[in-house]
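The values are calculated or read from the model by the stated rules, or taken from the named source; none is laboratory data. Everything numeric in this text was worked out from a predicted model, so none of it was measured. Positions of Cβ are generated from backbone atoms using ideal geometry, with glycine treated the same way; all protein chains shown enter the neighbour counts. Protein only, heavy atoms only, side chains kept; ligands, DNA and RNA dropped before computing areas. Shrake-Rupley method; radii C 1.70, N 1.55, O 1.52, S 1.80 Å.
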Amino acid sequence: MADGRYNVIVIGGGAVGLGVALEITHRFPRQRLLVLEKEAAVARHQSGHNSGVIHSGVYYKPGSLKARLCVSGAAAMVEFCREHGVPHNVCGKVIVATEEEELPGLENLRQRGEANGLTGLRLIGPEELREIEPHARGLKALVVPSTGVTDYALVCQKYAELIGKSGAAVLTSAPATGIKRAGDEVVVETPRGVFSTAALINCAGLHSDRISRMAGDEPGVMIVPFRGEYYDLLPERASLVRALIYPVPNPRFPFLGVHFTRRVSGKVDAGPNAILALAREGYRHTDINLRDLAGSVAFPGFWRMARQHWRHGLGEWYRSLSKAAFVRALQRLLPEIGEKDLTPGGSGVRAQALKPDGALVDDFQFVPSGRILHVLNVPSPAATASLMIGKTIVETAASNFGLS
Ligand SMILES: Cc1cc2nc3c(=O)[nH]c(=O)nc-3n(C[C@H](O)[C@H](O)[C@H](O)COP(=O)(O)OP(=O)(O)OC[C@H]3O[C@@H](n4cnc5c(N)ncnc54)[C@H](O)[C@@H]3O)c2cc1C
């Protein structure tokens, strides 16, 4: 591809960048649009290494972007999968309280879900739980019928295919290595050419804070990588799980706790945990990146977060290193599961924005700066919500950049 001029460039070929680009092709089909992706194919990071759950929106604070875009995004995702033949299954899930002290949290989730407009939520007792998930045990459970599963790598491939068919380009193996502002233009350098654009949208996931800095902005947050590791259930034990079995999450953390997921392929996995990764693309314990580590320890918020959460963090590391400890956490939901039923599975790394005061950014965060829009925090449920995140960002971009 030759160097060239565009109306909009999107950095990042994950669910969010592609969701934004797809929306641009719908709303502004005459705009010259380019997506730059540093890897050789789309969805090589978070969007291709996740649980594949179409979240319902039950967890998120009413009125937040996460709540609004997840609820509408889940419906849009199911419709998209149906229309384009992407495998999906609206199988529903159960969130199970296994101890007395989790019961108020479960009731709180029901209220949140209803405030977010979900229908069909039901609190059930142990017998009814056994009818839905015969091997699960708990004091009470919340049934969430609108939760589903899909394969987000396939969703992203379909997004990219539709973007390509509309005449826009998705250029892979094209990392943005430099960004300069020149009057009304933004110039993006890559090893595959230098491109200028009237509007730039940064959807670089684990590297979005760096892209922001590359563009001369101060993001005000640092991306912290949290690895999530999975175990796979042996095929002959997959019948222990019919659909999705989740614990009541700890409200102090943005992660949902290890759970069971029956994927669209029929494979069942358990996880993911949430441990601090030693590299932004650190999919294994042995992946260590000194630049990433140095960046983390130099950020004041990192030490504040470490002081607040070290005990929980150590517990997660212990469960990561000890299969027995991981299995004990799972046995609370499914007492029959044993170490021999599980083999090590895949992993993914979450991009979580951290503030200088040590707080993890909870909601989605989109920050405009002149002709650039930075998408700085889009953790789960952003794959679910990607079509609606696309609509919201394009709305903002249309008014900020005068797209027409
Ligand atoms: C373990 C795990 C489980 C999850 N489970 C779920 C779930 O069940 N349901 C759900 O809805 N969400 C889930 N999520 C969250 C969801 O996967 C993410 O919120 C979503 O994929 C974020 O999409 P993204 O496009 O922002 O990021 P990414 O998919 O990471 O895409 C960013 C892209 O930017 C590219 N990039 C980076 N730097 C550059 C550069 N300099 N130049 C060009 N390109 C660049 C990267 O290569 C990458 O492809 C999970 C995440 C993880 C990690």
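Looking across the stretch 61-72, just one residue is surrounded by 19 or more Cβ atoms within 10 Å (Cβ to Cβ), in contact (Cβ under 8 Å) with a residue 60 or more places away in the chain and touching a Lys or Arg at 6+ places or on another chain (Cβ under 9 Å), and that is LEU69. Of the residues VAL144, VAL194, the single one that is crowded, with 16+ Cβ neighbours inside 10 Å and not polar (S, T, N, Q) is VAL144.
The criterion of being in contact with a Gly (Cβ under 6 Å, 6 or more places away or on another chain) and at pLDDT 95 or above does not hold for VAL53. With a requirement of 1 or more residues that are among the polar types (S, T, N, Q) and in contact with a His (Cβ under 8 Å, 6 or more places away or on another chain), the helices (runs of 4 or more DSSP H) lying completely within the stretch 99-215 that satisfy it span 208-214.
The set of residues in the stretch 19-42 that are under 21 Å from ALA279 (Cβ atoms) and near the ligand (Cβ under 6 Å from one of its atoms) comprises GLU37, LYS38, GLU39. Against the conditions (1) charged (D, E, K, R); (2) at pLDDT below 95; (3) open to solvent by 60 Å² or more (accessible area, probe 1.4 Å), ARG242 satisfies every one except (2). I want to confirm something. Restricting to the stretch 1-13 and keeping residues that are assigned to a strand (DSSP E or B) and open to solvent by less than 50 Å² (accessible area, probe 1.4 Å), which single residue is nearest to SER208 (Cα to Cα)? Checked the stretch 1-13; the qualifying residue nearest to SER208 (Cα to Cα) is ILE11. Among residues of the stretch 271-300 being in contact with an Asp or Glu (Cβ under 7 Å, 6 or more places away or on another chain) and not in a loop (DSSP other than H, G, I, E, B), the one that is farthest from SER47 (Cα to Cα) is ILE275. In the set SER51, SER56, only one residue is among the hydroxyl-bearing types (Ser, Thr, Tyr), assigned to a loop (DSSP other than H, G, I, E, B) and more than 9 Å from the ligand (Cβ to nearest atom); that residue is SER56.
How about the stretch 197-213: which of its residues are open to solvent by 10 Å² or more (accessible area, probe 1.4 Å) and either aliphatic (A, V, I, L, M) or under 27 Å from GLU161 (Cβ atoms) (or both)? Correct list: ALA198, CYS203, ALA204, GLY205, HIS207, ILE211. Looking only at residues of the stretch 89-114 that are of a type in the set (Gly, Ala, Ser) and closer than 26 Å to ARG328 by Cα, we find that the one that is most open to solvent (accessible area, probe 1.4 Å) is GLY105. Does VAL16 satisfy the condition of being of a type in the set (Val, Ile, Thr), more than 6 Å from the ligand (Cβ to nearest atom) and not in a loop (DSSP other than H, G, I, E, B)? Answer is no for this residue.
Just to be sure before I move on: is PRO254 part of a strand (DSSP E or B) and within 13 Å of the ligand (Cβ to nearest atom) in the structure I sent?
In short, no.
Scanning the stretch 16-45 for residues that are buried (at least 24 other Cβ atoms within 10 Å of the Cβ) and either within 16 Å of PHE364 (Cα to Cα) or of a type in the set (Ser, Thr, Tyr) (or both) yields VAL16, GLY17, GLY19, VAL20. The set of residues in the stretch 179-191 being open to solvent by 10 Å² or more (accessible area, probe 1.4 Å) and within 12 Å of the ligand (Cβ to nearest atom) consists of ILE179, GLU189, THR190, PRO191. Could you list, ordered by first residue, the pairs with Cβ atoms under 6 Å in which the first is in the stretch 194-211 and in contact (Cβ under 8 Å) with a residue 60 or more places away in the chain and closer than 15 Å to GLU37 by Cα and the second is within 11 Å of the ligand (Cβ to nearest atom) and among the charged types (D, E, K, R), at least 6 apart or interchain? Once the first residue is in contact (Cβ under 8 Å) with a residue 60 or more places away in the chain and closer than 15 Å to GLU37 by Cα and sits in the stretch 194-211, its partners that are within 11 Å of the ligand (Cβ to nearest atom) and among the charged types (D, E, K, R) give LEU206/ARG280.
In the stretch 233-251, the residue that is farthest from the ligand (Cβ to nearest atom) out of those that are touching a Leu at 6+ places or on another chain (Cβ under 7 Å) and outside any loop (DSSP other than H, G, I, E, B) is LEU240.
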